[in-house]
Amino acid sequence: MDTRLKTGTHKWYPVYTNPRAEKKAQEALLNKGIEAYLPLRHQLKQWSDRKKWVEEPLLKSYLFVRIAEREQADVLMTRGVARFIYFGSKIAAMPDRQIDDLKLLMSSSLELEITEEDLLPGEKIMLKAGPLKGMTGEIISYRSQKQLALRLESLGCSVIIHVAASLINRL
């Protein structure tokens, strides 16, 4: 981490990286003395001949930098960094608290999945993979990224299942 005094002028900014360049971009930023945070999760990967635990970015192509506004050009001139994220016409800044919360979440033993799906109670869905493939149901509640209470029409009951949002099709 940079030894320069981090004053109130330093803010966290989300940065979009080139595909699969998150770790190298973070390393290059740290080498420049720029504080960077890349949330990583442990994931078991399956290849045809073996399984292996790997560290993958929680948010693909994203990392976070804590800089003063005058350092934005230094970040953009870093290998692997594509651009800042904008909200409207301004570069998006994040409160320190959000990064602290993310770090706390990453230090827990919770199994995490990021999805842009906005699953709502009452929605009709069909499972597209796994042992319940093809089964239709209605979402009763969406408790976490992998746990939902589901009313299964074909069984006439409600069950709590652990399923990745990516394995759900809306009907």
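What to note about this one:
- Likely footprinting exposure, Phe87, Phe64, fewest C-beta neighbours within 10 Å first: Phe87, Phe64
- Computed label-point distance, nm, for sites Glu55 and Gln43 using a 7 Å Cα→Cβ extension: 1.5
- In terms of surrounding Cβ atoms within a 10 Å radius of their Cβ, Arg66, Arg83 rank from fewest to most as Arg83, Arg66.
- Computed on the range 11-107, with alpha-carbon pairs under 8 angstrom and 6+ residues apart, the relative contact order is 43 percent.
- Pairs over the 28 Å Cα-Cα cut-off, from the set Lys45/Lys133; Lys23/Lys133; Lys24/Lys90; Lys24/Lys133: Lys23/Lys133; Lys24/Lys133.
- Cβ-based exposure ranking for Ile85, Ile34, in which fewest neighbours within 10 Å come first: Ile85, Ile34
- Difference of contour (0.36 nm per residue) and Cα-Cα distance, Glu69 to Thr136: 19.1 nm
- For Tyr62, the amide hydrogen comes within under 5 Å of the amide hydrogens of Thr17, counting only partners 5 or more places away or on other chains and with H modelled in the peptide plane.
- Remark: the range 35-52, residue by residue, has Karplus-estimated 3J(HN,Hα) of 5, 9, 10, 10, x, 10, 10, 7, 9, 8, 9, 10, 10, 5, 10, 6, 10, 8 Hz, where x stands for each Gly or Pro and the curve is 6.51 cos²θ - 1.76 cosθ + 1.60 at θ = phi - 60°.
Values quoted throughout were computed directly from the atomic coordinates according to the rules given, and no laboratory measurement underlies them. Predicted, not measured: the structure shown is a model, and the values here were computed from it. Heads up, the Cβs are rebuilt from the backbone with ideal geometry, glycines too, and the neighbour counts pull from every protein chain shown.
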